[in-house]
Amino acid sequence: MAWGRVARAGGWRGAWAAALLGVAAGALGLAYGAHFAGALPLLLAAAPVVPVAGVAASYGRHADPLHELAASTPRGGLPLLLIRTGLVLAVAIPVLALTGLALPNTGDVGAAAWLLPGLTLTLAALALGAFVGCRAATALVGGGWLLAVAGPCLAPGAAGLTSRITAQLSLYLDGRTAQTSWAAALVLCAAVVAVRRNTYAHWETK
């Protein structure tokens with residue numbers, strides 16, 4: 001009961017929770033049911049945008065019938081947004097991290113390599129949202145990531161689809177340079193959110 005009250009207060013959405021579990025179950029099913037060797041790369045490709053989708057499903061007029069009332073309280077605006085984002089991350093990170101660890105790993109890209117990019121994309125959606133709103137920002141950030149991963153993989157080539165996805169993920173996620181770049185982007189996005197903090201007081205209320 002207590003969790004249900006917290007979930008409702010956080011704007012929880014069953015569709016997003018079902019999608020999260022579907023991603024995890026699908027990856028496990030591919031790996032151990034269909035014996036598909038590329039299950040982990042597919043999970044790593046999808047994982048960074050799952051929290052972004054969670055933010056879209058938990059904040060704004062489209063997600064919460066009482067959003068305008070909640071946003072007008074002292075804890076509305078940015079504090080409310082951060083609370084709901086924290087709830088999304090608190091669920092998505094353990095589920096996806098444990099799923100990644102449970103999948104067979106070929107050693108090309110680590111199962112935890114998506115964590116920092118996932119946090120960065122989530123914060124990037126919040127930062128961009130200060131200018132274009134929640135739904136547009138999450139769509140642009142999530143769609144941009146999927147396009148960056150899938151786009152090059154759709155070009156004609158000799159390598160299989162799994163190999164192409166792994167190569168793209170290695171470029172974006174693997175190594176000190178990639179992770180340092182994500183960390184720098186995370187700091188930059190946090191700075192934008194801090195500078196634009198007053199914008200969120202009236203975010204998604206019109």
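The values are calculated or read from the model by the stated rules, or taken from the named source; none is laboratory data. These figures come from a predicted structure and were not determined experimentally. The accessibility values were calculated without ligands, DNA or RNA, using every heavy atom of the protein model including side chains. Shrake-Rupley method; radii C 1.70, N 1.55, O 1.52, S 1.80 Å.
At the residue level, Y32 shows approximately 130 square angstrom of accessible surface with a 1.4 angstrom probe and all protein chains present. Solvent-accessible surface of the stretch 102-184, taken per residue with a 1.4 Å probe and all protein chains present: 48 Å². Element breakdown for the stretch 70-200 at a 1.4 angstrom probe: carbon and sulfur atoms account for 70% of the accessible area.
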